[in-house]
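Chemist: Dropping a structure here in structure tokens format, bear with me for questions.
Taken together, the values in this text are just the output of simple stated rules run on the coordinates, not laboratory data. Given the structure is predicted, the values throughout are model-derived calculations rather than measurements. Cβ coordinates were reconstructed from backbone atoms using ideal geometry, including for glycine residues, and neighbour counts include every protein chain displayed.
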Amino acid sequence: MRRIALWALVAGFLLPLAVSQPAHAQATRTWVSGVGDDVNPCSRTAPCKTFAGAISKTAAGGEINCLDSAGYGTVTITKAMTIYCEGVVGSILGSGTNGINVNAAATDHIVLRGLDIEGAGTGLKGVNILQAASVVIEHCFIRDFNGANGVGIFSNPSNFNSMLMIRDSVISHNGTAAAGAGISINTNGGSNRVLINNTAVHNNFVGVSAQGSANVQVNNSNISENLSTGFALSGVAGARIGRSVIVNNLGAATSGSVLSYLDNQINGNNPDTTPATAGGYH
């Protein structure tokens, strides 16, 4: 009888501790699947169903991987994070809303790789960057964000020296009015350094738009068949283009003080503007 009473006393002390512990600690690597469930721990064998479900179970600086091709929903990223879906179709449908919002700390680094982000004609912004130390967008398709002022990638950071790299991606069919663009670079009191490399920006309203305290470098890329200006620069923004193709835009090839390394193809635009010469080759 005394033994039973002792065990009951011990259990009484331990039960509140057990109840207070989280069911699953955050993991450095988590997984999503089209047949997953967001009540799962997002492990390899018990994946979550959406990016939003997985992000709360992923530690800062961790990575979300896609197990199979599926739609994984829109998501807001508030901490250092990689979302990696190469090898399968990691799709986000942003109908009537933004596909991905990035509003992390000014010291956080974000990587988006291998994503298919679709606006279905009514989406607002494919990737909307409000704050981060850096954002890398690689091997992504971002298209059909044609809601009010629709933009494929909108970078408007509030922190200084925010960096954005867009590489090996296709940004197309975004924007239907003057504020719409494939890529729009601005600053909300901060500053932005941008590299666009080996990327196709085509059939948007404006191809690439840059303003505010932004420094934009475009290399080995294709800005074509946009409904207005191919590369529009205004204000104090600086831009340089090299080894790139700016062709068949229905508006001017470039506007504002875009500088050229003199190794670009510019033709078939309305008109074919001639950018000033940029320094930089040594």
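Chemist: Expressed as an acute angle from 0 to 90° and rounded to the nearest 10, what is the orientation of the C-alpha long axis of helix 2-20 relative to the principal long axis of the chain?
Modeler: 10
Chemist: Sticking with this structure for a sec: Among S224, S191, which comes first, then next, by fewest other beta-carbon atoms within 10 Å? Don't jump to the answer; show the numbers that get you there.
Modeler: Working: S224 20, S191 16.
Going from sparsest to densest Cβ surroundings: S191, S224.
Chemist: I've got another one for you. Using a Förster radius of 35 Å, what is the FRET efficiency between A276 and T76 based on their Cβ-Cβ separation? Nearest 0.05, please.
Modeler: For R0 = 35 Å, the calculated efficiency reads 0.30.
Chemist: State, as an integer percentage, the relative contact order of the chain based on alpha-carbon contacts under 8 Å between residues 6 or more apart.
Modeler: 9
Chemist: Using Cβ counts within 10 Å as a stand-in for footprinting exposure, how do H139, H202 rank, fewest first?
Modeler: Ascending number of Cβ neighbours within 10 Å: H139, H202.
Chemist: Still on this structure, I have one more. Could you name the lysines in cross-link range of K49, using Cα to Cα under 18 Å and dropping any fewer than eight places away on the same chain?
Modeler: K57
Chemist: Considering only C-alpha atoms, what is the centroid distance from segment 79-120 to segment 223-245, in Å?
Modeler: The distance from the Cα centre of segment 79-120 to that of segment 223-245 comes to 24 Å.
Chemist: Also: What FRET efficiency do you get for N220 and T45 if R0 is 30 Å and r is their Cβ-Cβ distance, rounded to the nearest 0.05?
Modeler: E between N220 and T45, to the nearest 0.05, is 0.10.
Chemist: Report, in deg cm²/dmol and to the nearest 500, the calculated mean residue ellipticity at 222 nm for the chain, where each DSSP H run with n ≥ 4 adds -39500 (n - 2.57) and the sum is divided by the residue count.
Modeler: Helix contribution divided over all residues of the chain: -2500 deg cm²/dmol.
Chemist: If I model a spin label at A120 and A148 as a point 7 Å from the Cα along the Cα→Cβ vector, what separation in nanometres do I get?
Modeler: Reported label-point gap for A120 and A148 is 2.0 nm.
Chemist: Let me ask another. Going by C-beta contacts inside 10 Å, put M165, M81 in order with the fewest on the left.
Modeler: In increasing order of surrounding Cβ atoms, one gets M165, M81.
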